[in-house]
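This report refers to the structure that appears directly beneath it.
The values are calculated or read from the model by the stated rules, or taken from the named source; none is laboratory data. Fair warning: this is a prediction, and the values are worked out from it, not measured in the lab. Cβ sites come from the backbone with ideal geometry, for glycine too, and all protein chains shown count toward neighbours. Heavy atoms of the whole protein, side chains included, go into the accessibility calculation; ligands, DNA and RNA do not. Shrake-Rupley method; radii C 1.70, N 1.55, O 1.52, S 1.80 Å.
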Amino acid sequence: MLTLVYGYGVSGKSAVKCLQSLGREVAIYTDNIGESFDGITDLSGINIEDALKQVGLIVISPSVDINSPLLVEARKRHIGIIGELELGYRNFKGDIIAVTGTNGKTTCTRLITEILKNTGINADSYGNIGIPFAENAPNLPEDKVAVLEVSSFQLNTTELFCPKIAMCLNVAEDHLEYHKTMENYIQCKADIFKNQDKNDYAILNYDDCIVRNFAGQIESNVYYFSLLHKVKGSYLKGNSIYFCGDKAEYICDCRDIKIKGEHNIANCLAVITACKILNIPNNVIVSTLKNFDLSAHRLQMVEVIDGVKYYNDSKSTNIHSAISACKAMEGRTTLLVGGYDKGLDYTKLFSELPIKINTVICFGANRDKICSASQKSFSRTIIKADNLEDALEIASKIKCENVLFSPATSSYDRFLSYSERGEFFKEYIKRFKN
């Protein structure tokens, strides 16, 4: 039987490489007719009934509409539909630590991987972090620990996927243009735990009521992390971090952690919980926390111009992330926000912005929507800009200590990715300085 790969972006290409390494007969189907697929059978554009004649399994990319005509017909024919993450899982022999959540996934995935490596464990990061899992999975040894950053899109197409340790960091409004309802989005996040049993471990954010409530449907061993409460897991008491399994154990002072911001302390608590479950020595955990840097485009201080610090937080693609970045600022801050319209309600942004954000400059395709939301809640200076360059020109004339570029949405109105958007911001700032 034929395996049909639907979509040929990074995920689709990874699926094809995995299937070819397994000796499977592969065909491609995309909605963009006319692409070249390096000799692979292309079924794009042909009659759907004919395209599915010899197909036994479909592997779809995260960007594919799960209710597209091809997939609707496939379900009628009882053809299996999975994603690249599920394909990788079915062909991997080692243990998996999986990280999901609206924000903080990349930070936690990288940090766990670094701690494991510093312990001498054979570990690497894969998944939504940028290194596809499926194409690597069949060739990885049994002692490999795969630390996976997992998105809601990927979890939406899992069946058997079962990590040894799974964590959900938080859930806030995001990707509603895809999931349609918040309930659907929440369920996708909860699905990271759905196949776990008493031999596995779940780590939940106790301070997030949505995530905390997942515990009622989880059959594995549940641990928590919290900034506010003593829990089974990792928690903050004053400036001290503790882990409580059978008994409370001091880990370190939160002021020793290199990455700053309350949200990053929460991320570190989640990571510490996973590492303590794995019996990683405290000295390795703490020494790594003291030296760990954030990923590119996450709260990067780019330049200081006339005493004003310019921060690149292009990886902020939702409201929850932007609020966390704002809270991490010290001193009066001008916020640059806007981009692709993901269907988010920006009233929450303005109601939760700290007082240190004295000016908000809105740009991008959704700037009118953001400006409109600002009128319904908190009162502060709101300025509309034509584009990012215009926003920076305006920001340079405002008296403040920081200019924070934290868009709170995706980049697709103008850029292919948050990284391309972040690089544009950094280069423009450098030219701006000169």
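How high is the relative contact order of the chain, in percent, counting Cα pairs under 8 Å that sit 6 or more residues apart?
11
Rounded to the nearest Å, what's the spacing between the alpha carbon centres of the range 244-264 and the range 285-326? Just the number, please.
One Cα centre to the other: 19 Å.
State log₁₀ I(q)/I(0) for the range 333-412 at q = 0.21, 0.27 Å⁻¹ as given by the Debye formula over alpha-carbon point scatterers of equal weight, solvent excluded.
Taken in order of the listed q values, log10 I(q)/I(0) reads -0.89, -1.46.
So for the pair Ser240, Lys327, with labels modelled 7 Å out along Cα→Cβ, what separation do we get in nm?
Those two pseudo-labels are separated by 2.4 nm.
In terms of modelled amide H atoms, which long-range or inter-chain residues lie less than 5 Å from the amide H of Asn122?
Close amide H contacts, sequence-distant or interchain: Val145.
Where only protein heavy atoms count, and the probe is 1.4 Å, what is the accessible area per residue for the range 79-202 in Å²?
34
How large is ³J(HN,Hα), in whole Hz, for each residue of the range 86-101 in order, when computed from phi with the Karplus curve 6.51 cos²θ - 1.76 cosθ + 1.60 and θ = phi - 60°, using x for Gly and Pro?
Using θ = phi - 60°, the values come out as 5, 4, x, 4, 5, 10, 10, 9, x, 8, 10, 10, 10, 10, 10, x Hz.
Within straight cross-link reach of Lys258, meaning Cα distance under 15 Å, which aspartates and glutamates are found once same-chain residues fewer than 8 apart are removed?
Result set, ordered by chain and number: Glu114, Asp293.
Compute the Kirkwood hydrodynamic radius of the range 20-120, taking the inverse of the mean of 1/r over all pairs of distinct Cα atoms, and give it in Å to one decimal.
Kirkwood radius, the range 20-120: 16.5 Å.
Which trypsin sites (Lys or Arg not before Pro) does the range 1-65 hold that lie in a coil by DSSP with at most 13 other beta carbons within 10 Å? Don't skip to the end; give the middle numbers.
On the way: sites: Lys13, Lys17, Arg24, Lys53; in loops: Arg24, Lys53.
The qualifying sites are Lys53.
Let me have the 222 nm mean residue ellipticity of the chain computed from DSSP H runs of 4+ only, each contributing -39500 (n - 2.57), with the sum over all residues rounded to the nearest 500.
It comes out at -9000 deg cm²/dmol, rounded to the nearest 500.
Taking 8 Å as the Cα distance limit and 6 or more residues as the minimum spacing, I'd like the relative contact order of the range 2-105 as a percentage. Please report the intermediate quantities before stating the final value.
Working: 131 pairs, mean separation 30.1, N = 104.
With pairs under 8 Å counted, the relative contact order is 29 percent.
Between Glu303 and Glu401, what is the label-point separation in nm under the 7 Å Cα-to-beta-carbon projection?
With each label placed 7 Å out from Cα toward Cβ, I get 2.2 nm.
Please pull out the direction-averaged projected area of the range 275-406, using the convex hull of its alpha-carbon atoms, in nm² to one decimal place.
Result: 9.7 nm².
In whole Hz, with x marking every Gly and Pro, tabulate ³J(HN,Hα) for the range 415-424 from phi via Karplus 6.51 cos²θ - 1.76 cosθ + 1.60, θ = phi - 60°.
10, 6, 7, 5, 5, 5, 4, x, 5, 4
Within the range 279-307, find all residues whose amide N lies under 19 Å from a label point positioned 7 Å from the Cα of Arg431 along Cα-to-beta-carbon.
Under 19 Å, as judged by backbone N against the label point of Arg431, lie 302-305 of the range 279-307.
Starting from the range 366-434, pick out the trypsin sites (Lys or Arg not before Pro) whose DSSP state is loop and whose Cβ has at most 14 other Cβ atoms within 10 Å.
Taking the range 366-434 and a limit of 14 other Cβ atoms within 10 Å, the loop trypsin sites (Lys or Arg not before Pro) found are Lys376, Arg380, Lys397, Lys399.
Can you tell me which aspartates and glutamates have their Cα less than 14 Å from the Cα of Lys232? Leave out same-chain residues fewer than eight positions away.
Asp207, Asp246, Glu249
³J(HN,Hα) across the range 284-299 via Karplus (A = 6.51, B = -1.76, C = 1.60, θ = phi - 60°), whole Hz, x for Gly/Pro?
Residue by residue, the range 284-299 yields 6, 4, 5, 5, 5, 4, 6, 10, 7, 9, 5, 5, 4, 6, 10, 6 Hz.
Please state the equivalent ellipsoid semi-axes for the range 107-232: what are the square roots of 5 times the Cα gyration tensor eigenvalues, largest first, in whole Å?
They are 24, 19, 14 Å, listed from largest to smallest.
Going down the table (Lys144/Lys290; Lys230/Lys348; Lys164/Lys315; Lys105/Lys433), which pairs top 31 Å between alpha carbons?
In this structure, Lys105/Lys433 lie more than 31 Å apart at Cα.
Leaving out ligands, DNA and RNA, and with a 1.4 Å probe, what % of the accessible surface on the chain is carbon or sulfur?
46
Given a Förster distance of 22 Å, report the FRET efficiency between Asp124 and Ser21 from their Cβ-Cβ distance, rounded to the nearest 0.05.
0.80
Hey, for a label at Cys371 modelled as a point 7 Å past Cα toward Cβ, could you say which residues of the range 383-424 have their backbone N under 11 Å away?
Output list for this probe position: 383-387.
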